[in-house]
Structure formats: C-alpha cells, structure tokens
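The values are calculated or read from the model by the stated rules, or taken from the named source; none is laboratory data. Since we're looking at a predicted model, the values are computed, not measured. Here the Cβ positions follow ideal geometry from the backbone for every residue, glycine too, while neighbour counts run over all protein chains shown.
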C-alpha cells in the first residue's frame, strides 16, 4: 500500500492550495478528484466563474456564443489547475472516486480498478451539491435543470421558471432576463432574501421587475410535467390558494445546496456529520478525527470559494505554523450577488444590529447621486451603512450598485480594522469612481 503525507479528497480551492504547500515542503501528496471535468473545483467548472462569464456577456453576445466563450474560459482554467499540480513531482493527481476504509486508509476506484492508499493527514474538500425538492414529476420530466446543467445548454429558453428566490435564483433570473428570456420566479416566502433588510430586498425586487422578471410570492410548486418535447407545465398554488399553471421551456431548481458527502463512507473513518450531512469541525477545521480536516462547503456554513481559501490558511497555520488562525478570528466576511447591478454586503444588517442590542444609526445614498453612476449609465440602486451610535464604529454595509463587488472589500477592511465612519468619510479616493461614493455615504451620518 502506497503511503502519503497528505491525501486530498476533492480538487477544491482549499485542497489544491494546501496540496501545493505540502509539496513545497517536500511532502508526498495524493490529490483525488472523481471527475476530469472538475479539476480546480466547483467554482471554476460549475459555479462562480462560468456563471459570471455568462453574466458579463449578457447584452454583448448571443446566448449560444456566450456559452461557447464560457466553455473556453473554464477549459483554460481547468487545464491550468490540473497541470499546476500534475507537473509537481511530489503530487499524484488521481482521477477516481474515493471513500474511507478507516481513519487513515482511502480506497479509490476508476476504470483501472480499485486501490487503497494510506495518509498521515487527510483533507476533505468535496464541495456541495444541489438540493432537489420533492415535487411531483421532477425526476422524469425533461428540461428540468440545476444551475450547473443549465449553463451547458446552448439553446436559450424563451421562457424560464425558477423555483427558489434565494441568491442563486436571483443571479440566474437577472442573467436570463438580460438575454431576453421571460423569467418567472416562484418563491415560497412573502419576499426575497429574508437574510437582508426588507428595504434592500424591495430594491432588489423592483430592479429585477424592471428587467422583466416576474415573481410569484407565497407560492408552492406542486408538480412539473412535459406537455411536448420542448415545454414544461408547472402547476402551483398561488398566494391566494388557487391552483394555477404556467407553461415554460425550462425549469431551474434553485432551492439550496447541501454538503457533498454521499459515498465517502465517513462513518468508516469515525468522522461525524450534522443533521444536514455537513462534516462537523472545530475552529481549526479538524473533524472528530484530529488528523482529518474538512474545508469549504462540505463542512456547511458560508458557501464561498474564498472561504475555502481561508480554510487553507487556517489548516496550514495549524499544521505548519503557530496555530493562531481559527474560524473565530476571520473577521467580517463580505459577499456579492451578481445581479445587475451587483448586490454586496459585509457585516450586520440593520435588523441584525438591532437584535444584537446595538443603538444604531443608519446612512443611505441613492446611486443616482453618484457622478460615476451617470457615466456608467447605471443609476439604479442604493448604498446603506449601519454604525454604532455610541462609538461610531462601522457595523455593516450594503452596496447595491455597479462595482459593489470591488467596493465592499474596502469596507470589510475598515470594519476588521475597527475604523469609524469618519475615517471613510474623509478618505481620499480617486475620481471619478464608484468607490468615492463611500465618502458621501459615510459622511451622511
């Protein structure tokens, strides 16, 4: 049985970066990935990179041309990620399905057969998978997609039903609407993105409605069935309790995601999972077996590629460093939703700050008041900041505007450094930029 210093299960951001670190230190590493189409992880192949490519190209290319460009980009990045590890003499890249035999032994299976290998350290970075809702007809009806699959279709649907009004559903609704698809979003709740303040959720809804997206709130999709080779009938109960039907070319399931742990046989290794199937970890990302770590989406929590990268930093520090980095000291974590314009947030919402007992003050700025927004010809949106009324410390910020995905990182740094609203209000920004609007936003306190 071949022995390795480290075995990585899943070619995710955390694992691939950690594999290179182990190899740099002269350690022998096995990287096991079950699909040659997933080198580099979910983000590069099925998630943020392909979806953002399609979003950026909306209005510039036809849908089929945009799909081709997306495939070109993902192929280049996939190849680079594979070669970076495969060309390292200390790393064996193994394309196979892996599972635990015991706490130190992994069995992997591919077309060449089944083998077992031993690892001193083991790391699980297998990501997540879509949750398929329990809807009648969903298993055998054609033209039902999850996000990864619909981005492989070169024929643009003229009509699309999206089940789920969360962040993924909103991104795809905005994207397809901008390609000219008639989009209807079915949301079980009474409004969008309940994690966000109600005023922000309403802004997002109104922007998407102006793009042509229709919403069915407090709706419950009961069944789907094919009416012919190209259409799907969606039967649902509307907010008034009446049974309605909508015929569309395609249905996108955007009903959440769960940890990708099926088939790993974690129980064989004594690795514990929670009720949702996510791997339980401590603040150093160790599982119930101290030499086995979990990184990225497979452990639950925030599902972002940059969290998987920061997981790498925590694990690296725990194994090779002074063990000071933990999940407890990450600081505020920003996120962006790539609708048009982009929605970004860091820190607490207004409602969350109130619930935490803070005495708060709130500042807002309409995007139409920003000179660069006029230059960009994108004047929709709003900027909002929340601060502690007693200390002037920044508690949270929401940016619904062009380039917010870049601007939010500056605010994150300000929060993590404990800066006050006046520090941003008086900061010198270049002109004309969207970032300089932070002067006015934080100057409104």
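Yes/no per residue for (1) modelled with pLDDT under 95; (2) touching a strand residue (DSSP E or B) at 6+ places or on another chain (Cβ under 7 Å); (3) assigned by TED's automatic domain parsing to the domain that holds residue 118:
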| site | (1), (2), (3) |
| --- | --- |
| 279 | no, yes, yes |
| 288 | no, no, yes |
| 294 | no, yes, yes |
| 321 | no, no, yes |
| 349 | no, yes, no |
If a residue has to be surrounded by fewer than 18 Cβ atoms within 10 Å (Cβ to Cβ), over 23 Å from the mean Cα position of the chain (by Cα) and in a helix (DSSP H, G or I) to count, how many in segment 57-90 make the cut?
-> 5
Positions within segment 394-418 being outside any helix (DSSP H, G or I), free of Cβ contacts under 8 Å to residues at least 60 places away in the same chain and more than 19 Å from residue 349 (Cβ to Cβ), in sequence order = 417, 418
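If you take the residues of segment 152-167 that are in contact with a helix residue (DSSP H, G or I) (Cβ under 6 Å, 6 or more places away or on another chain) and surrounded by fewer than 24 Cβ atoms within 10 Å (Cβ to Cβ), which of them is nearest to residue 342 (Cα to Cα)? Show your work before the answer.
Taking segment 152-167 and keeping what is in contact with a helix residue (DSSP H, G or I) (Cβ under 6 Å, 6 or more places away or on another chain), we get 154, 156, 160, 162.
Next cut, surrounded by fewer than 24 Cβ atoms within 10 Å (Cβ to Cβ) only: 154, 156.
Numbers: 154: 25, 156: 23 Å.
Per the stated criteria, the residue is 156.
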Members of segment 191-231 found to be at pLDDT below 95 and over 16 Å from residue 167 (Cα atoms), listed by number | 227, 228, 229, 230
Taking residue 195 and the conditions (1) crowded, with 21+ Cβ neighbours inside 10 Å; (2) in a loop (DSSP other than H, G, I, E, B), which numbered condition does it fall short on, given that it satisfies the others?
-> (1)
Which numbered condition trips up residue 93, out of (1) under 24 Å from residue 32 (Cβ atoms); (2) surrounded by fewer than 21 Cβ atoms within 10 Å (Cβ to Cβ)?
-> (2)
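Could you list all residues from segment 106-139 that are crowded, with 17+ Cβ neighbours inside 10 Å and in a loop (DSSP other than H, G, I, E, B)? Quick ask: steps written out before the conclusion?
Applying the first criterion (crowded, with 17+ Cβ neighbours inside 10 Å) to segment 106-139 yields 106-108, 117, 119, 121-130, 135, 138.
Matches in segment 106-139: 125, 126, 127, 135, 138.
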Qualifying residues in segment 264-286 (those that are touching a residue at least 60 places away in the same chain (Cβ under 8 Å), part of a loop (DSSP other than H, G, I, E, B) and more than 23 Å from the chain's Cα centre (by Cα)) - the one surrounded by the fewest Cβ atoms within 10 Å (Cβ to Cβ) | 270
Sort out which residues of segment 305-354 are without any contact (Cβ under 8 Å) to a residue 12 or more places away in the chain, in a helix (DSSP H, G or I), more than 22 Å from the chain's Cα centre (by Cα) and more than 17 Å from residue 15 (Cα to Cα), and write them in order of number.
-> 354
Residue 413 vs. criteria modelled with pLDDT of 95 or more and surrounded by fewer than 17 Cβ atoms within 10 Å (Cβ to Cβ) | yes
